[in-house]
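One structure below.
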Amino acid sequence: MLYTAVQDTLRKTLINHNGVMYIGANGWQSPNGFDILGVIIYCLVELAGGKFKLEAMLLDFVRLAKSHTGKYLADTICVVVEKFQIQNKICGIVTDNASNNPVMVSELKKFKGDQHWIQCYAHILNLIAQSILRPFGKVKKSSTSKAIEEDDELSSDKSEGEEAEDQICRFDNDVTHLTHSGDEDDTRNDVRLKSANILEPELTLEDINNLSDKDEENDLYTTSMCKQSLAKFRAVARKLCKSPNSKMEFVELCREMECKKPHSIYQDVHTRWNSTLDQLVSIVRCHKAITVWQKDKKHGLDCKYQILHVDIQLAKHLISILQV
């Protein structure tokens with residue numbers, strides 16, 4: 001009753017609102033493994049004295065039951081928007097740069113007017129930062145670390161598993177496709193982006209690798225060790241996410257060993273802010289239960305992914321670095 005009453009009040013407010021609105025949408029996976037689509041409405045509200053305030057109001061959380069195709073996401077958003085009777089007031093949609101979003105925007109045919117898709121600026125900055133930092137992570141791979149990384153890549157989240165460069169390139173192409181060709185500002189921005197791409201780097205990859213090799217001789221942890229430990233943490237998180245029975249036993253172990261709540265290991269997805277830090281904190285919080293849980297062969301965790309004491313120590317040090 002309360003939920004319905006709140007929705008009715010919000011519906012009346014939005015229907016009576018004068019002005020355009022923008023929809024924000026993003027998919028997420030909850031700690032217990034459910035895929036959720038959040039839909040938010042953005043609009044300007046006039047205050048006293050002729051001032052305006054940007055307000056963001058949550059419209060709905062929808063549990064996704066199918067593959068996250070662009071058409072399925074478009075149909076889901078249409079259902080939410082039509083429920084609040086604001087389908088004729090939507091000026092644009094704000095999302096991240098995932099590959100299914102351009103299809104979703106093109107499928108929103110029920111909305112009036114031209115397509116107006118705004119990519120999330122923070123998400124694009126994250127992709128750019130990944131591309132810049134990627135050369136600094138290149139190290140010589142042993143057979144063990146190579147196998148761990150290959151398994152990690154194959155098991156990564158499919159909806160967010162694209163390379164950063166590919167997403168950025170597609171963003172550039174999509175902007176060109178969705179905007180008017182006569183927009184001089186966009187043309188100048190494209191020229192600046194293309195000019196930036198042809199600048200020669202001041203350091204070569206060989207220089208970077210030589211510096212890394214010298215530094216690692218005196219480091220407590222090497223880049224290779226960090227990569228292997230992080231791959232182990234991701235493997236444990238995926239195993240718990242995909243196996244409800246294993247998750248139930250893990251939670252029980254956490255209770256027995258008096259681990260702090262929540263009794264879950266967060267997923268680390270490279271396009272989500274702070275997800276690596278969240279995962280490291282959860283690993284340290286539940287490490288006593290993990291040590292016991294991973295020894296049981298029925299959970300199917302390969303020996304190369306089992307977490308050791310040195311991995312926990314590394315996680316603690318990384319937390320101190322990543323916490324700001």
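No value in this document is a laboratory result; all are computed from the given coordinates. Nothing here was measured: the structure is a model prediction, and the numbers come from that model. A quick note on method: Cβ atoms are made from the backbone with ideal geometry, for glycine too, and the neighbour counts reach across all protein chains shown.
Only sites in a loop by DSSP and with at most 16 other Cβ atoms within 10 Å count here; which GluC sites (Glu not before Pro) in the stretch 240-303 make the cut?
Qualifying residues, ordered by number: GLU258.
With a 10 Å Cβ neighbour count serving as the proxy for reagent exposure, in which order, fewest first, do MET248, MET104 appear?
Listed from fewest to most nearby Cβ atoms, that is MET248, MET104.
Between ASN26 and residues 5 or more places away or on another chain, which pairs have amide H atoms under 5 Å apart, with H built 1.01 Å from N, and which residues are they?
Close amide H contacts, sequence-distant or interchain: GLY38.
Taking θ as phi - 60°, what are the ³J(HN,Hα) couplings along the stretch 90-107 by the Karplus curve (6.51, -1.76, 1.60), each to the nearest whole Hz, with x for Gly and Pro?
Computed from phi, the couplings for the stretch 90-107 are 7, 8, x, 10, 10, 9, 7, 9, 4, 5, 7, 6, x, 5, 4, 5, 5, 7 Hz.
Rounded to the nearest 5, what is the percent of antiparallel bridges among the DSSP beta bridges in the stretch 2-119?
So the antiparallel bridges in the stretch 2-119 amount to around 75 percent.
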